[in-house]
């Protein structure tokens with residue numbers, strides 16, 4: 001994109017005294033004519049650039065003009081690189097690292113591999129997830145609608161949306177867009193989408209509301225559950241819901257209190273604990289869970 005290239009050129013010029021047009025053309029993989037137009041755009045934007053012809057000539061920022069020589073500090077660039085590497089972990093490519101190399105002008109301090117933070121967003125679903133991210137990203141860039149089959153606890157059905165934003169939230173990837181069926185903005189989890197396709201129809205971008213989806217809005221907690229756990233389940237409760245979600249009882253057992261969106265989620269989670277968990281409230285669900293356990297037992301009697 002042109003804006004990325006302009007920022008990249010500005011970053012290079014702020015870190016080096018003088019560079020040549022061929023150098024910039026090779027670095028950003030464009031023609032010298034394109035670089036000349038970019039330099040003109042930067043000058044019109046108020047950045048005083050000087051072009052010197054002949055031996056030892058090149059392009060530089062006018063002497064005496066003061067600006068932050070790094071635009072971003074090495075520490076800030078390193079933080080950006082860490083995030084971009086996280087995106088590469090999803091796509092399985094080095095595309096974002098290559099972009100960062102261009103913007104950092106090959107600074108050894110920024111590109112040093114010895115970093116103390118690593119973000120890895122890859123998952124068990126990488127093989128199916130990466131193509132979805134690429135398809136949706138292109139659809140957003142080109143303002144094309146997408147369609148897919150969507151599966152949730154409330155059933156399944158075909159959805160058609162105007163995609164606006166890819167979101168990594170609550171340890172999963174989502175797409176946020178305007179749903180044609182609901183006539184409103186909705187968030188869709190990529191792992192629940194099958195048959196994703198980009199449609200030929202284009203859309204005019206809307207005046208978007210701010211993206212502010214908090215957990216309490218996305219996951220309405222309709223069930224207040226109380227569960228008594230054996231001490232051996234402590235590590236899972238801490239990992240999955242935090243140490244504040246339970247109180248240790250006099251006998252060492254753990255009284256867990258938390259809200260759940262639906263009983264299916266609650267039941268499936270409790271069953272993974274086997275005999276380590278006893279649902280206390282709601283009493284009506286306690287009976288349902290008992291009956292479910294009996295039916296499961298009947299399956300394994302033969």
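Laboratory data are not the source of any read-out in this text; all were calculated from the coordinates shown. Note that this is a predicted model, so its numbers are computed, not measured. Reconstructed Cβ throughout: ideal geometry from the backbone, glycine too, with neighbour counts over all protein chains shown.
Label reach from residue 232 (point 7 Å along Cα→C-beta): in the range 275-302, amide nitrogens under 11 Å belong to 275-277. Shown for 43, 201: other C-beta atoms within 10 Å of each C-beta, ranked fewest to most, produce the order 201, 43. Each label point was placed 7 Å from the Cα along the Cα-to-Cβ direction; for residue 49 and residue 187 their separation is 4.1 nm. For the range 2-61, the pair-distance distribution built from all alpha carbon pairs, in bins 5 Å wide starting at 0, is 4, 19, 35, 30, 11, 2, 0 percent.
The Cα atoms of the range 223-299 cover 34, 23, 21 Å along the three principal axes, with the biggest extent listed first. In summary, the range 126-215 shows an alpha-carbon radius of gyration equal to 1.01 times the 2.2 N^0.38 Å reference for compact globular proteins.
Which of 235, 170 comes first, and how do the rest follow, when ranked by fewest Cβ neighbours within 10 Å? The partial results should precede the final answer.
Numbers: 235 9, 170 12.
With the fewest neighbours first, 235, 170 line up as 235, 170.
On the basis of the beta-carbon distance and an R0 of 41 Å, residue 245 and residue 134 show a calculated FRET efficiency of 0.65.
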